[in-house]
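Please read the structure below before turning to the comments.
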Amino acid sequence: MWSILVCLSVFLKLSLGYSQIHYLDVSMPEKKCLKGPCIDTLTVDPARLSRYRILTRLQAIGYCSPSVIEDWQCGICSERDSPVKNTTLVKTFHSRWNTVVGMMGVSHSIQTIFLVIQGTMHNIQWIRCSRGRLVPLEPIFPPFNTSSYSNIKVHYGYQKSWMDLFPLIYDDLNNRIKLFPNYTLSLIGHSFGAGVLGIMTANIALGSLGPLMTPARTEFISLGASRIGNVAYAQLMDSSGFKDLARIVHSTDLVPHMPFLYKYQRISYILMSCRIPSLQGRIMAK
């Protein structure tokens, strides 16, 4: 039942023009914003806010066609404060049957290697979205961190698409990390794409993607994502020492609060559109 509601909510967002996060105002603990007007809020410092603004707009660019992305000709790319200034595209990619679609690049302006995955745009992704039963996490390689590995369960459809994503990006990501050892690894996903990257992030937490992809250098920015796994998954995310975990949601979006039996990971910052004036300006992701 929850799968039908999730997919219906995503469909309504897309049909109503809410396929991207349009404005992100304030940072606060999630539970304070779900019960009514946002109070006791915590503001995002300007540097982090600026970074989130760039990363969310890179994610929006990921929805452009590959031919447009390759020349940075999309609308956001040509804006005065374009997020792709001093940015090199590594590749655009899609798996067989389009189970995952995205792009990879290097931004020298903010010193990051970014991986962007689209949300639900193809029929097979709707099918994967609906297949939300909890299954054991399957690390790509034997994990170094085995403390709670046996108890971790995740969304079946997300894990299936992560398996499709892995061969498309692993070698290229490792090569860029070797070239730019001091750069952050930024994983940025919207909706379904964030769920897929949530499985990748868990693999990084377990050390199963090798010594170059570590939590200390990784930030996971999810936009409008549903919950991804069980309590053990959330605990793994909380305790692994990621550089940043930002779960960006819209205050009226149903998807981030489902499936009801899954759990949130603790987030460094949550940005929501709230019924109070912005305390630190707005992040635009057109």
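We did not get these values from a lab; they are worked out from the coordinates using the rules stated. Since the structure is predicted, the reported quantities are computational estimates derived from the model, not experimental observations. Because the Cβ atoms are built from the backbone with ideal geometry, glycine has one as well, and the counts that use them run over all protein chains shown.
Ordering 78, 95, 186, 208 from the fewest to the most neighbouring beta carbons within 10 Å gives 78, 95, 208, 186. Legend: calculated FRET efficiency, residue 79 to residue 150, from the Cβ-Cβ distance at R0 = 45 Å, rounded to 0.05, equals 0.40. Derived scalar couplings between HN and Hα for the stretch 187-201 equal 9, 10, x, 10, 6, 4, x, 5, x, 4, 5, x, 6, 4, 4 Hz in order, rounded to whole Hz, by the Karplus curve 6.51 cos²θ - 1.76 cosθ + 1.60 (θ = phi - 60°), x for Gly and Pro. Close amide H contacts of residue 229 (hydrogens built in the peptide plane, cut-off under 5 Å, sequence separation of 5 or more or a different chain): 263. For the stretch 157-167, 3J(HN,Hα) computed residue by residue from phi via the Karplus equation (6.51, -1.76, 1.60; θ = phi - 60°) reads x, 5, 5, 4, 6, 4, 4, 6, 6, 3, x Hz, glycine and proline entered as x.
Place a label point 7 angstrom from the Cα of residue 172 along the Cα-to-Cβ direction, then list the residues of the stretch 193-221 whose backbone nitrogen is under 20 Å away. Under cut-off, by backbone N: 193-201, 204, 209-210, 212-214, 218-221. Close amide-amide hydrogen proximity is noted between residue 120 and 192, 193, each under 5 Å apart and 5 or more residues distant or on a separate chain (H modeled in the peptide plane; Pro and chain starts excluded). Neighbour counts of C-beta atoms inside 10 Å place 231, 196 in the sequence 231, 196, starting with the fewest. What are the ³J(HN,Hα) values, in whole Hz, obtained from phi via the Karplus relation 6.51 cos²θ - 1.76 cosθ + 1.60 with θ = phi - 60°, for each residue of the stretch 214-226 in sequence order, with x given for Gly and Pro? Using θ = phi - 60°, the values come out as 10, x, 4, 9, 10, 10, 10, 10, 10, 10, x, 8, 6 Hz.
Other residues within the sphere of radius under 12 Å centred on the Cβ of residue 97, judged by their own Cβ, net out at +2 (K and R +1, D and E -1). The residues 101, 106, when put in order of fewest to most other Cβ atoms within 10 Å, stand as 106, 101.
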